[in-house]
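The values are calculated or read from the model by the stated rules, or taken from the named source; none is laboratory data. Owing to the predicted nature of the structure, the values given are computational and were not obtained by experimental measurement. Backbone-built Cβ (ideal geometry, glycine too); neighbour counts: all protein chains shown. Remember, those area values only see protein heavy atoms, side chains included, never the ligands or the DNA or RNA. Shrake-Rupley method; radii C 1.70, N 1.55, O 1.52, S 1.80 Å.
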Amino acid sequence: RRDSAGGREHALRRMADRVKDVLVGMGFQEMQGPTVDADFWINDCLFMPQDHPARNHWDRFALESPAEIDDLPPALVERVRNAHLEGVGEDGEGYHSPWDEDFARKLALRGHTTSLTARHLAGEAMGDLEPPQRFFSVEKAYRNDTLDATHLLEFFQIEGWVMAEDLSVRDLMGTFTEFYEQFGITDVEFKPHYNPYTEPSFELFGRHPETGELIEIG
């Protein structure tokens with residue numbers, strides 16, 4: 001007879017589960033939502049122009065059947081449409097580019113997990129939320145990337161947000177510091193860094209607990 005051996009948990013899945021345990025311990029709730037979603041939730045709600053290069057057929061994994069979603073919230077669709085076309089506030093100008101609801105309804109594999117955040121903040125996932133709230137997700141996202149030693153077509157993205165009164169960037173830094181302490185990194189260094197979709201932004205560095213090397217950790 002042939003000896004049988006049980007399978008082992010994949011290293012990335014094991015790390016993802018550990019991250020979940022840490023964030024739950026910090027008072028966060030886990031977000032749930034669809035892997036395949038409408039472009040409306042993936043990109044339009046984040047105010048990414050529909051003619052942005054990242055939204056063409058080369059970079060997104062669009063579905064052929066079913067090709068689109070039917071049940072988008074009409075009032076929110078109108079608000080998002082107006083923001084794209086006209087901007088927000090007295091000085092708003094919009095993007096000076098077209099916005100098509102048919103495109104917003106198209107289905108695709110999510111290119112990031114922020115579609116879950118959009119659904120929660122819009123009240124679509126759990127109804128209207130009142131502060132204080134803490135939510136996170138550790139889920140897969142999909143991008144048509146060039147395959148190499150550090151890039152695949154799918155990857156895990158860690159995402160979280162906090163809703164509360166009188167938050168500042170110091171609260172963000174404190175959250176990161178507490179998070180990394182759970183992994184034995186107790187000397188997090190913050191370097192201001194410009195990222196157009198997450199301003200203000202940081203690069204985070206910490207020392208490897210065994211080698212002492214300063215490495216980028218976030």
> Can you pull out the helices (runs of 4 or more DSSP H) entirely within the range 72-144 that have at least 3 residues that are under 21 Å from His52 (Cβ atoms) and of a type in the set (Ser, Thr, Tyr)?
Replying inline: 114-121
>> Out of Glu64, Glu68, Glu90, Glu78, I need the residue that is charged (D, E, K, R) and touching a Lys or Arg at 6+ places or on another chain (Cβ under 8 Å). Which one?
In response: Glu68
> Can you name the number of the only condition in (1) open to solvent by 40 Å² or more (accessible area, probe 1.4 Å); (2) within 20 Å of Arg60 (Cα to Cα) that Ala122 fails?
Replying inline: (2)
> Quick one: would you say Ile42 is open to solvent by less than 40 Å² (accessible area, probe 1.4 Å) and over 18 Å from the mean Cα position of the chain (by Cα)?
Replying inline: no
> Within the range 18-39, can you find the residues that are open to solvent by less than 70 Å² (accessible area, probe 1.4 Å) and either under 30 Å from Asp70 (Cβ atoms) or free of Cβ contacts under 8 Å to residues at least 60 places away in the same chain (or both)?
Replying inline: Glu30, Met31, Gly33, Pro34, Thr35, Val36, Asp37, Ala38, Asp39
>> Restricting to the range 165-218, name every residue that is open to solvent by 50 Å² or more (accessible area, probe 1.4 Å), in contact with a helix residue (DSSP H, G or I) (Cβ under 8 Å, 6 or more places away or on another chain) and within 25 Å of Met48 (Cβ to Cβ).
In response: Tyr197, Pro200
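Taking the range 145-164, which residues are under 18 Å from Met15 (Cα atoms) and either open to solvent by less than 50 Å² (accessible area, probe 1.4 Å) or assigned to a strand (DSSP E or B) (or both)?
Residues satisfying the conditions are His151, Glu154, Phe155, Phe156, Gln157, Ile158, Glu159, Gly160.
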> Would you pick out the residues in the range 186-195 that are closer than 19 Å to Ile158 by Cβ, outside any strand (DSSP E or B) and at pLDDT 90 or above?
Replying inline: Val188
>> Please go through (1) closer than 30 Å to Gly25 by Cβ; (2) in contact with a Cys (Cβ under 9 Å, 6 or more places away or on another chain) for Lys140 and return the number of the only condition it doesn't satisfy.
In response: (2)
> What number of residues in the range 90-107 are over 25 Å from Ala67 (Cβ atoms) and open to solvent by 90 Å² or more (accessible area, probe 1.4 Å)?
Replying inline: 4
>> All but one of (1) farther than 22 Å from Glu139 by Cα; (2) modelled with pLDDT under 95 hold for Arg79; state the number of the condition that does not hold.
In response: (2)
